[in-house]
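Here is the structure we will look at, set down as structure tokens.
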């Protein structure tokens, strides 16, 4: 059922915040968790940290780095300082159901916070923050000469010829401008969007084919004409990456984890087709999520990634998408990454409050895992974004 905002306007089922906070704190037994309720309070705060157990397809492990970054404790950022209107940073973390929070710079932990049964070494589902890792993997292959970003997807994946995504370039798929429709109606029985979640293991149900679903993405715009956020773009990138590299996507993630110095293992969802689903399905610890963004902040990602992600002219996110314009003012989008132009910050963002920011000026990183009541609660998203930016600015 569609939610409604404060003005009574109907909203997609993936957005909204009209939920009872008391539900978050209710107790439950393991046997109460089902595929139908596992993404709801109170269950999701447990499920999101144990996704390999609850995923309705399968997951495979991602290896930690052979050269894991050694973290030290630096000068502590005071989370009990006032954030705004008499609210401390610490209280803001609690109010937005944050379970893991790290402030990191040059290998030094400046702040760390854990709650809701989550702790060091626990890997949490990144949800759509996974997309940024898929973008980096794609650019790694491009910079290695294995992939042309202006190449047409149908030329790389012949089965996609004539499809919405097949007609787009790799760069348009990276930038969410392929023309594929945004998926938002995840909770209406029988909807195509809900069926997508069945294919990637987020909901139980009869599967019809992950690859066929990507090929069947509905076209709502010409390639390059508008910004329409679609999970199917990201999973197409994984298919492209495997095709041009001749390797499984998890092996490419092993390389990435090795490069940024991951301390702990992670995991990636694999569908019944045997294909990877990085549109949402990467799990990692909060520290490793921060280390990935530190690697980005230090300029270690592929050159073509920065050229794309920091291209301030990529403003279709706010000029062609009214819903995005309300959530992402001052933001551009390139290569599966958000860019706060004035603040000079690159960030990833995922459902239920998975957000990390790379300050490209000082190298400071703020990373968080949370358990919101829905894919996006706009007020909590704004608070989480503003909190991270405030910490970054305080440390500049």
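Read-outs: derived from the displayed coordinates by stated rules, not from any lab. Every value quoted in this text rests on a predicted model; they were computed, and no experiment measured them. No Cβ is skipped: glycine too gets one built from the backbone with ideal geometry, and neighbour counts run over all protein chains shown.
In table form, for the structure just shown:
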item	result
Some residue of region 316-333 being surrounded by 23 or more Cβ atoms within 10 Å (Cβ to Cβ), touching a strand residue (DSSP E or B) at 6+ places or on another chain (Cβ under 7 Å), touching a residue at least 60 places away in the same chain (Cβ under 8 Å) and within 15 Å of residue 289 (Cβ to Cβ)	no
Residue, surrounded by the fewest Cβ atoms within 10 Å (Cβ to Cβ), within region 339-361, restricted to residues that are in contact (Cβ under 8 Å) with a residue 40 or more places away in the chain and out of contact with any strand residue (DSSP E or B) (no Cβ under 7 Å at 6 or more places or on another chain)	343
Any helices (runs of 4 or more DSSP H) falling wholly within region 290-362 and containing at least 2 residues that are within 16 Å of the chain's Cα centre (by Cα)	322-327
Residue list for region 38-71, restricted to those being in a strand (DSSP E or B) and either crowded, with 18+ Cβ neighbours inside 10 Å or touching a helix residue (DSSP H, G or I) at 6+ places or on another chain (Cβ under 6 Å) (or both)	59, 60, 62
Qualifying residue in region 259-278 (condition: in contact (Cβ under 8 Å) with a residue 60 or more places away in the chain, in a helix (DSSP H, G or I) and more than 17 Å from the chain's Cα centre (by Cα))	yes
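Results for (1) more than 22 Å from residue 376 (Cβ to Cβ); (2) under 22 Å from the mean Cα position of the chain (by Cα); (3) free of Cβ contacts under 8 Å to residues at least 24 places away in the same chain; (4) part of a loop (DSSP other than H, G, I, E, B), shown as yes or no for each residue.
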{"position": "94", "(1), (2), (3), (4)": "no, yes, yes, no"}
{"position": "136", "(1), (2), (3), (4)": "yes, yes, no, no"}
{"position": "155", "(1), (2), (3), (4)": "yes, no, yes, no"}
{"position": "172", "(1), (2), (3), (4)": "yes, yes, no, no"}
{"position": "185", "(1), (2), (3), (4)": "no, yes, no, yes"}
{"position": "194", "(1), (2), (3), (4)": "no, yes, yes, no"}
